[in-house]
Amino acid sequence: MSFRVIFLAIVILFLASSANAEPSAKGVHGMALVKVGEHWVASHMPLHGSIHAHQVVMKIKAASSESARSVNQLLEKESLVSLRPQVFDLHDLMSGKLHSFNADVYAGHFEREGKKTFKQLGFVVEEMLLIEPIEEGANGSFYRVDLDETFTLLIHKLAKKPSFDQIIWLEKGKSAEQSTKLNDRVTLDTRIPLNKKSFHQHPQLKGFNWRQMLYLETQDFQ
């Protein structure tokens, strides 16, 4: 077999593998950081039609006890804490290849005049809670994600614009239906974010008690 034939075969194999490869989602994937009981929950800040077009929510922890104390103090003081992680590919995080990362920690939104409070702290991914693409469907569906035997997160499924990214902290009452699956879904008749009053109007949420709205973003989804 001639060198030319071998070279062409290599080129064809390379092009074929490139065509089947998943596009890169390498970039700065900002996150909102919230505390639920003793858990830290980080929520990727998604955007329609971009490398950020996935809802990714996970439990994380600090890589050191000193960092844990510092971030806990910040979470107790601030209504919004955000992370600006090092550059990585979102697919690596979603697939489990990325187990840890460094991030600057901000009081407020890191892209909206938030104040950088800590530089390049280490974080460890403990558990993936939600991995879902943004789809152009109807709004009003929420993922119910159990954190433990007591606490649950209610996370709005981002859909066609206008939409909203909302995370609510719920506590399970005695009559609450126990979730057995990752990403259980509850469809509510709403096009707008829930509040404490409207939450109690939905029979699908019977048995759960409202604790706190942890995060709400509407500006990026108009």
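No lab work stands behind these numbers, since they all come straight from the coordinates. Computed from a prediction, not measured in an experiment: that's the story for all the values here. Using ideal geometry, Cβ is built from the backbone for each residue, glycine included, and neighbour counts are taken over all protein chains shown.
Taking label positions 7 Å along the Cα-Cβ direction at both Lys59 and Lys77, the computed distance is 2.8 nm, reported to one decimal. In terms of the mean number of neighbouring beta-carbon atoms within 10 Å, the peptides 156-168, 121-133 order highest first as 156-168, 121-133. With r defined as the distance between the Cβ atoms of Val186 and Val125 and R0 fixed at 30 Å, what FRET efficiency is calculated, to the nearest 0.05? Once rounded, the FRET efficiency stands at 0.70. Against the chain, whose longest principal axis comes from its Cα atoms, helix 65-77 is set at around 50 degrees. Given the choices (1) 44, 38, 32; (2) 66, 30, 22; (3) 75, 42, 33, Cα extents along the principal axes in Å derived from the coordinates of this structure is entry (3). One chain, two ends: Lys97 and Lys160. Fully extended at 0.36 nm per residue, the span grows by 19.7 nm beyond their Cα-Cα distance.
Between the helical axis of 3-20 and the longest alpha-carbon principal axis of the chain there is an angle of about 10 degrees.
Between Glu113 and Thr150, the FRET efficiency from the beta-carbon distance, with R0 = 35 Å, is close to 0.45.
Peptides 49-56, 195-202 ordered by packing proxy, namely the average of other Cβ atoms within 10 Å per residue, highest first: 49-56, 195-202. Once the Cβ-Cβ distance of His48 and Asn209 is raised to the sixth power relative to R0 = 35 Å, the FRET efficiency obtained is 0.60.
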